[in-house]
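Okay, so here's the structure we're looking at.
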Amino acid sequence: REKDDKYKTWMPKFLMAKENKDQRKSSDDVERNIFKVKKSNAEKIKKMEKEEKVFRETFMYDKEINVINTATAECSVPSKRRVDLPVTAGEQLDVIDVTEGNAVICRNSEGRYGYVLVEHLKFR
């Protein structure tokens, strides 16, 4: 009987240690998911850098990109030209530069740049 008692007390400890190992594996999985998020952020940053390069080539923009103001699009407007930025109602835009006419150069949340008419924007 003493051997049975020792066996019974020893067995749950052994199982508990094994469960802890399983928990460690699951925490490793969580850490791996964190790395995946960082990878997607890296891809997003790379995409935004590509959009900025295309913007600089298309607009021949050599100044430093600074956000002057933020604006909200009042209505959805499709782009008619390649340099126009298509916007949807309620979209948040960063105003980068003011032009001579009634348009401003804006950047959307995806990192795309283009002209947007001032009449379609609501400034904060």
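The values are calculated or read from the model by the stated rules, or taken from the named source; none is laboratory data. Only a predicted model underlies this, so the values are computations on that prediction, with no experimental measurement involved. No Cβ is skipped: glycine too gets one built from the backbone with ideal geometry, and neighbour counts run over all protein chains shown. Side chains are part of the model used for accessible areas, which takes the heavy atoms of the whole protein and leaves out ligands, DNA and RNA. Shrake-Rupley method; radii C 1.70, N 1.55, O 1.52, S 1.80 Å.
Could you go through the stretch 102-111 and let me know if any residue there is surrounded by fewer than 12 Cβ atoms within 10 Å (Cβ to Cβ) and in contact (Cβ under 8 Å) with a residue 24 or more places away in the chain. Yes, some residue in the stretch 102-111 is surrounded by fewer than 12 Cβ atoms within 10 Å (Cβ to Cβ) and in contact (Cβ under 8 Å) with a residue 24 or more places away in the chain.
Kindly indicate the residue of the stretch 55-91 that is surrounded by 11 or more Cβ atoms within 10 Å (Cβ to Cβ) and among the acidic types (D, E) and also nearest to I105 (Cα to Cα) among those meeting that condition.
D84
Taking the stretch 88-99 as the range and being closer than 11 Å to L121 by Cβ and under 18 Å from the mean Cα position of the chain (by Cα) as the test, the residues that pass are E91, Q92, L93.
Does K50 count as at pLDDT below 90 and open to solvent by 50 Å² or more (accessible area, probe 1.4 Å)? So K50 fails the test.
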